[in-house]
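The values are calculated or read from the model by the stated rules, or taken from the named source; none is laboratory data. Since we're looking at a predicted model, the values are computed, not measured. Here the Cβ positions follow ideal geometry from the backbone for every residue, glycine too, while neighbour counts run over all protein chains shown. Areas reflect the complete protein model, heavy atoms only, side chains present, ligands, DNA and RNA absent. Shrake-Rupley method; radii C 1.70, N 1.55, O 1.52, S 1.80 Å.
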Amino acid sequence: MQIARDADFDPRAFRQALGRFATGVAIVTAGTPDGTVVGMTMSSFNSVSLDPPLVLFSVARTAHSLPAMRAATGFGINILAQDQQHLSNRFARALADKWQEVEHRRGGNDAPLLDGAIAHFECAPYARHDGGDHEIFLARVLRFSTAQEGEPLIFFGGRYHALAAGAAG
Ligand SMILES: Cc1cc2nc3c(=O)[nH]c(=O)nc-3n(C[C@H](O)[C@H](O)[C@H](O)COP(=O)(O)O)c2cc1C
């Protein structure tokens with residue numbers, strides 16, 4: 001058992017414990033007034049509020065995309081399908097051009113929306129909060145769409161997984 005006291009706090013064990021929480025995988029994109037577009041793989045996406053419709057995600061303070069995320073006029077949240085692991089890996093690296101050969105279109109708020117995602121949320125910035133070594137972004141959903149079919153990509157224990165067919169029916 002790990003006890004979260006300063007002296008013997010083990011960050012690696014903490015990270016592993018957090019990894020026991022299974023999530024989906026999203027690529028969060030942002031567009032800025034000067035035409036910059038960025039995108040990052042994120043498992044910190046979550047729902048917050050139905051009225052107003054709010055979601056959140058948190059961005060590491062070390063992320064190259066952080067300045068553009070702060071300056072963004074719009075966000076695109078792309079919920080990845082099981083067969084989009086390559087996109088998750090691509091947008092989890094600090095590449096100069098993440099967009100090469102990535103099929104996408106611009107949403108109404110200038111943030112890119114990726115083809116093949118099982119859901120898209122087009123959002124406006126709503127609020128930003130301190131989150132320690134991350135910055136927490138709240139975004140207001142303006143439009144969304146869901147694919148009729150498609151299974152989600154799952155992240156658990158530091159690895160990708162697929163839903164088990166027929167589980168927990
Ligand atoms: C499955 C997965 C989930 C991730 N979730 C987050 C997250 O929620 N927040 C974050 O800041 N980085 C997250 N990352 C790491 C970023 O995607 C990665 O640091 C990326 O390179 C940042 O891009 P940038 O430095 O070009 O902005 C995640 C990576 C993976 C593979």
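Between Ala165 and Arg106, what is 0.36 nm times their sequence separation minus the Cα-Cα distance? Round to one decimal in nm. Write down the numbers at each step before the final one.
Values: separation 59, 0.36 × 59 = 21.24 nm, distance 3.36 nm.
Contour length minus the Cα-Cα distance gives 17.9 nm.
Whole-Hz Karplus ³J(HN,Hα) for segment 113-127, in order, using 6.51 cos²θ - 1.76 cosθ + 1.60 and θ = phi - 60°, x for Gly and Pro?
10, 8, 4, x, 5, 7, 7, 10, 10, 9, 10, 10, x, 10, 6
Treating only the Cβ atoms of Lys and Arg (+1) and Asp and Glu (-1) as charged, compute the dipole magnitude of segment 41-169 about its Cα centre; round to the nearest 20 debye. Mind dumping the intermediate values first?
Numbers: 11 positive and 13 negative charges, 59 e Å.
Dipole of segment 41-169, to the nearest 20 debye: 280 debye.
With unit charges on the beta carbon (Lys/Arg positive, Asp/Glu negative), name the residue among Thr73, Ala117, Ala17 whose Cα is farthest towards the positive pole of the charge dipole of segment 9-130.
Farthest towards the positive pole: Ala17.
Using only the alpha carbons, work out the radius of gyration and Dmax of segment 95-169 in angstrom.
Reported Rg and Dmax, both Å: 15.9, 43.
If I model a spin label at Ala127 and His64 as a point 7 Å from the Cα along the Cα→Cβ vector, what separation in nanometres do I get?
3.2 nm
Given +1 on the Cβ of Lys and Arg, -1 on the Cβ of Asp and Glu, and no further charges, what dipole in debye does segment 1-107 carry about its Cα centre, rounded to the nearest 20? Don't jump to the answer; show the numbers that get you there.
Working: 11 positive and 9 negative charges, 26 e Å.
Computed charge dipole of segment 1-107: roughly 120 debye.
GNM, the chain, Cα, under 10 Å: largest mean-square fluctuation among Gln85, Gln100, Gln16?
Checking each option, the largest mean-square fluctuation is seen for Gln100.
Of Gly39, Gly116, Gly157, which has the largest mean-square fluctuation in a 10 Å C-alpha GNM of the chain?
Top of the fluctuation ranking is Gly157.
Could you do me a favour and compute the accessible area per residue for segment 19-111, 1.4 Å probe, result in Å²? Could the numbers behind the result be given before it?
Working: 4720 Å² over 93 residues.
Value for segment 19-111: 51 Å² per residue.
Within the chain, which is the longest segment containing none of the trypsin sites (Lys or Arg not before Pro) that sit in a DSSP loop and have at most 13 other Cβ atoms within 10 Å?
Details: sites that count: Arg5, Arg20, Arg61, Arg93.
By the stated rule (loop sites, at most 13 other Cβ atoms within 10 Å), 94-169.
Give me the percent relative contact order of the chain, please, defined on Cα pairs under 8 angstrom at least 6 residues apart.
Working: 343 pairs, mean separation 44.0, N = 169.
That works out to 26 percent.
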